[in-house]
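The values are calculated or read from the model by the stated rules, or taken from the named source; none is laboratory data. None of the values given here were measured: they were computed from a predicted structure. No Cβ is skipped: glycine too gets one built from the backbone with ideal geometry, and neighbour counts run over all protein chains shown.
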Amino acid sequence: MARLTYKTKDGSWGLRGVPWTQLVALPPRVYGALAKLKDMEELVDQINDPAGGRNGQADLAMEDLLGHGETRTKEGRELGTEWIMKRFCRIE
């Protein structure tokens, strides 16, 4: 899955195909949601990094990623990690 956001070496970031002038003009809640998307995509990259599995970084990234979203269904049932692993991660 290709990233929707990008981050440069100097730490600035943006949404692919959207000029920064349009990004800064967005309402604060929309800009905040895009910043959260960027953070989540970075966590997915950490999970998919082959070195991350060996040093435990992937497990920490998965835990952090799951903390970004709801972990229970409307009925109160626990979702688990299978859905996010299938959606975002390369399972080997």
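So the check is Cβ under 8 Å with 6+ separation or different chains; which pairs have a first residue in the stretch 1-28 that's within 19 Å of Q46 (Cα to Cα) and a second one that's in a loop (DSSP other than H, G, I, E, B)?
Here the result reads R3/R16; L4/R16; T5/R16; Y6/R16, each pair linking the stretch 1-28 to a residue that is in a loop (DSSP other than H, G, I, E, B).
What number of residues within the stretch 24-44 are farther than 12 Å from K7 by Cα and over 8 Å from the mean Cα position of the chain (by Cα)?
Number satisfying all stated conditions: 11.
Scan T21, T71, T5 and give me the residue that is touching an Asp or Glu at 6+ places or on another chain (Cβ under 8 Å) and modelled with pLDDT of 60 or more.
Among T21, T71, T5, only T5 is touching an Asp or Glu at 6+ places or on another chain (Cβ under 8 Å) and modelled with pLDDT of 60 or more.
May I ask you to say which residue of L26, L34 is in a loop (DSSP other than H, G, I, E, B) and at pLDDT 85 or above?
L26
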